[in-house]
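Novice: Pasting a structure here, questions to come.
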Amino acid sequence: MPFAVWWALFGVPLVVVVVSWAALFSHWSSEGQRVWKALAILFPTAATLLACGALAYVELGGKVGFGGGIEVYFLGLLLALAGTGLGFVVTLRFRRWFSVLALGASTWMSFLFFLMASTD
């Protein structure tokens, strides 16, 4: 698969979490339970940045293969799954649109990291 497709797969969730952070910070003073909402956005952000960093590393000539890659995939999967679980709870409890965006990004990253980990 071309790298442009990979950047599209990982870039869209990155844009989504940036929009989620911007929305949370724009309503920061009026938001209740800020820590839970920030954590629900932090996990998909970390998973997305890990994926984009690994992709940039591969594009620069590095290799993420057996032994070195499985740890990256497993860590990304754990971050994304934690974000999905926490995002689901936060979205159901507080019902904010930026929480839904972060939940969608986290779910998408869970799916992608699961696929990557299962094929390595």
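The values are calculated or read from the model by the stated rules, or taken from the named source; none is laboratory data. If you're wondering where the values come from, they're calculated on a predicted model, not measured in any experiment. FYI the Cβ positions are ideal-geometry reconstructions off the backbone, even for glycines, and counts take in every protein chain you see. For the accessible areas, the whole protein counts, side chains as well, though only heavy atoms, and no ligand, DNA or RNA atoms are used. Shrake-Rupley method; radii C 1.70, N 1.55, O 1.52, S 1.80 Å.
Novice: Sort Phe25, Phe98 by accessible area with a 1.4 Å probe, largest first.
Specialist: Details: Phe25 120, Phe98 0 Å².
Result of the area sort, largest leading: Phe25, Phe98.
Novice: How large is the convex hull of the C-alpha atoms of the chain per residue, in Å³? Don't skip to the end; give the middle numbers.
Specialist: Details: hull volume 10.8 nm³, N = 120.
Here the figure is 90 Å³ per residue.
Novice: Accessible surface of Glu59 in the full protein assembly, 1.4 angstrom probe, to the nearest 10 Å²?
Specialist: So the heavy atoms of Glu59 present about 90 Å² to solvent.
Novice: Would you calculate a helix-derived [θ] at 222 nm for the chain, using -39,500 (n - 2.57) for each DSSP H run of n ≥ 4 and dividing by the full residue count, to the nearest 500? Intermediate results must be reported in sequence, preceding the final value.
Specialist: Numbers: 4 runs with 99 residues, N = 120.
Rounded to the nearest 500, it is -29000 deg cm²/dmol.
Novice: Another question, then. Provide the solvent-accessible area of Ser29, counting protein heavy atoms only and rolling a 1.4 Å probe, rounded to the nearest 10 Å².
Specialist: Accessible area of Ser29: about 110 Å².
Novice: Let me ask something else. Can you give me the % of accessible surface on the chain that is carbon or sulfur? Probe 1.4 Å, all protein chains present, nothing else counted.
Specialist: Working: 5000 of 6640 Å².
C and S atoms contribute 75 percent here.
Novice: Could you report the chain's accessible area per residue, 1.4 Å probe, as an integer in Å²?
Specialist: On the way: 6640 Å² over 120 residues.
For the chain, the per-residue accessible area is 55 Å².
Novice: For region 1-66, which trypsin sites (Lys or Arg not before Pro) pass both filters: DSSP loop (anything but H, G, I, E, B) and at most 14 other C-beta atoms within 10 Å? Mind showing how you got there, number by number?
Specialist: Details: sites: Arg34, Lys37, Lys63; in loops: Lys63.
Loop-located and lightly packed - Lys63.
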